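K.L.:
Could you have a look at this structure, given as structure tokens, before my questions?
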Amino acid sequence: MSDIHILWVDDEIELLKPHILFLERKNYKVTTCTNGADTIDLVDSINFDIVFLDENMPGLSGLDTLAEIKQKQGNLPVVMITKSEEEYIMEEAIGSKIADYLIKPVNPNQILLTLKKNLDHSRLISEKTTSNYQQEFRKISMDLAMVNSYEDWIELYKKLIHWELELENISDPGMLGILESQKQEANTQFFKFIKKNYEDFLTSNDKPTFSHTLFKDFIVPEINKKQGVVWVVIDNLRYDQYRILEPLINNHHKKEQEYSYFSILPTATQYARNAIFSGLMPSEMEKRYPKYWKNDGDEGGMNLFENEFLTEQIKRLGLDIQHQYFKISSLKSGKELADNFNGTKQNDLTTIVYNFVDILSHSKTEMEVIKELSGDDKAYRSLTLSWFKNSPLFEIIQKVQQLGQKLIITTDHGTINCKNPTKVIGDKNISSNLRYKTGRSLTYEEKDVYAVRNPKDIFLPTVAMNSPFIFAKEDLFFAYPNNFNHFVNYYKNTYQHGGISLEEMIIPCVVYSPK
């Protein structure tokens, strides 16, 4: 006898004897009942796995019985069976969280399919997902050996993230381990690709959209006088994090276009986000706007003039638009913007920088409780989703829909879970970031970095004479030989950015229209 115990409720249960015999031959255990009142008592006394419930019964109706069952056993799957196709009955049943809805007459195979869908769902999905990934594994391995363009890398990275999100929902750690190995190999090859091509990309006609061309390439074409555009830059949002936020956004907006673009190096807020708003590379910002630009080692905030940079870029592009800029870095300022968001409806462009995800990644370094809550990428995504569901940003996104505005969501760079140290030595003025360094007299492991001895070759400012930039590969982070073990233990398994990885460099820009 199967462990599956079914309760079938119908006032004409004798007519369903063939169905019940069919299920019993399939080794399901079936208990029958003819009315709602007795059903409630049975649910109280027996642990059923699923209930088939007739909607049209004398006395306590199917919908009333459903409500009673859900109060007592909220997670017990209930399949509503009815002769009626009236829309309000379907809506009532669906609103009460039924597992399925069947119209009489039902045949035995419909019942069997419903049982498998609701009770064997996880196992079937797990087996199918594993089988599909095993087939895809070979193709990904072949792609890794052949990838030679930035377009190929975008597609490969998206494919890896797709399978990571699929596999994390099944109980097969072996498959996730294999995928993790493929991601590590991909980052090894991606580092070599960037090291070989990055400098040429910055001056070539055949290049991806980078931070400094994002606004011109993807944002400006969406701006028009008929419909306001709300452009949200969520700091430090990786592509996988966007993917788990996407279903919530899709409840209110329809995706029109999804782009992927490349963060400039260093993949750090000071460089990448200033480049987005200025439309310039860092060395150009330093030259044109010395009062706005700050180098590593300079005192003061590094991103205090984003609005000024954006205003100047809008002027250079000859755009005659009304625009407004907001930076949100606290719950209070987020709530204030959400409460007063209707005041932005006259803008052609409203720009919002939202800093929470970056704060979260840095909190993981500083706070033990955050370390425990986000120990790996799956947990880090889950924490991001939990924040987003309850954030003023999600409320703002819903208000964008209500105002009939277009929504664009993007970020400035991603982040990577750093697992392995590489030693670096420099003078006391060396920059503090763990994924890139600049400063005099740097000593480092050549194999672990992309070293740019003349920063102007990749449009970075020269902080001082003989001050190269070095960028860490894969999941490495820089550690000083002094107090090495303490430093490594403190920063290992924390999320950092500034270096070269798929997670940091290939990032989303998504255009939505309101539903």
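The values are calculated or read from the model by the stated rules, or taken from the named source; none is laboratory data. Here the structure is a predicted model, which is why all the values come from computation and not from measurement. When we count neighbours, we look across all protein chains shown, and the Cβ atoms used for this are built from the backbone with ideal geometry, even at glycine.
K.L.:
I'm told residue 191 meets every condition in (1) closer than 30 Å to residue 230 by Cβ; (2) of a type outside the set (Asp, Glu); (3) outside the structural domain of residue 315 (by TED's automatic domain parsing) except one. Can you identify the failing condition by its number?
P.N.:
Single failed check for residue 191: (1).
K.L.:
Within region 188-222, track down each residue that is assigned to a loop (DSSP other than H, G, I, E, B), surrounded by fewer than 16 Cβ atoms within 10 Å (Cβ to Cβ) and in contact (Cβ under 8 Å) with a residue 40 or more places away in the chain.
P.N.:
Passing the criteria: only 207.
K.L.:
Condition (residue is under 21 Å from residue 463 (Cα atoms), part of a helix (DSSP H, G or I), in contact with a helix residue (DSSP H, G or I) (Cβ under 6 Å, 6 or more places away or on another chain) and of a type in the set (A, V, I, L, M)) applied to region 238-247: is it met by at least one residue?
P.N.:
No, region 238-247 has no match at all.
K.L.:
Taking the criterion of being part of a loop (DSSP other than H, G, I, E, B), of a type in the set (Gly, Ala, Ser) and closer than 29 Å to residue 381 by Cβ, would at least one residue in region 126-147 satisfy it?
P.N.:
No; the residues of region 126-147 include none that is part of a loop (DSSP other than H, G, I, E, B), of a type in the set (Gly, Ala, Ser) and closer than 29 Å to residue 381 by Cβ.
K.L.:
Restricting to region 1-60, count the residues that are within 14 Å of residue 79 (Cα to Cα), part of a loop (DSSP other than H, G, I, E, B) and aromatic (Phe, Trp, Tyr).
P.N.:
Residues meeting the conditions: 1.
K.L.:
Name the one entry in 246, 185 that is over 30 Å from residue 146 (Cα atoms) and either of a type outside the set (Gly, Ala, Ser) or without any contact (Cβ under 8 Å) to a residue 40 or more places away in the chain (or both).
P.N.:
246
K.L.:
From the list 132, 56, 35, pick out the single residue that is under 30 Å from residue 178 (Cα atoms), at pLDDT 80 or above and of a type in the set (S, T, N, Q).
P.N.:
That would be 132, the only listed residue that is under 30 Å from residue 178 (Cα atoms), at pLDDT 80 or above and of a type in the set (S, T, N, Q).
K.L.:
Could you figure out which of (1) among the aromatic types (Phe, Trp, Tyr); (2) modelled with pLDDT under 95; (3) surrounded by 20 or more Cβ atoms within 10 Å (Cβ to Cβ) isn't true of residue 292?
P.N.:
Unmet condition: (3).
K.L.:
Right, next: Somewhere in region 463-474, is a residue in contact with a helix residue (DSSP H, G or I) (Cβ under 6 Å, 6 or more places away or on another chain) and of a type in the set (Ser, Thr, Tyr)?
P.N.:
no
K.L.:
Looking at (1) of a type in the set (A, V, I, L, M); (2) buried (at least 22 other Cβ atoms within 10 Å of the Cβ); (3) closer than 21 Å to residue 327 by Cα; (4) in contact with a strand residue (DSSP E or B) (Cβ under 6 Å, 6 or more places away or on another chain), which is the only condition residue 237 fails?
P.N.:
(4)
K.L.:
Output the number of the condition that residue 263 fails; it satisfies all remaining conditions of (1) more than 18 Å from residue 388 (Cβ to Cβ); (2) at pLDDT below 95.
P.N.:
Single failed check for residue 263: (2).
K.L.:
Determine whether region 301-312 contains at least one residue that is modelled with pLDDT under 95, among the charged types (D, E, K, R), in the same structural domain as residue 355 (by TED's automatic domain parsing) and more than 21 Å from the chain's Cα centre (by Cα).
P.N.:
no
K.L.:
In this structure, does residue 504 turn out to be more than 19 Å from residue 210 (Cα to Cα), of a type outside the set (S, T, N, Q) and surrounded by 21 or more Cβ atoms within 10 Å (Cβ to Cβ)?
P.N.:
Here the answer is no, as residue 504 does not meet what is asked.
Table: residues versus (1) at positive phi; (2) touching a residue at least 40 places away in the same chain (Cβ under 8 Å); (3) not assigned by TED's automatic domain parsing to the domain that holds residue 283.
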residue: 421; (1), (2), (3): no, yes, yes
residue: 424; (1), (2), (3): no, yes, yes
residue: 431; (1), (2), (3): no, yes, yes
residue: 447; (1), (2), (3): no, no, yes
residue: 450; (1), (2), (3): no, yes, yes
residue: 459; (1), (2), (3): yes, yes, yes
residue: 468; (1), (2), (3): no, no, yes
residue: 481; (1), (2), (3): no, yes, yes
residue: 484; (1), (2), (3): no, yes, yes
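K.L.:
Sticking with this structure for a sec: Within region 165-175, work out how many residues are in a helix (DSSP H, G or I) and surrounded by fewer than 16 Cβ atoms within 10 Å (Cβ to Cβ).
P.N.:
Residues that pass the stated criteria total 3.
K.L.:
If we scan region 438-452, do we find a residue that is surrounded by 24 or more Cβ atoms within 10 Å (Cβ to Cβ), within 34 Å of the chain's Cα centre (by Cα) and modelled with pLDDT of 95 or more?
P.N.:
yes
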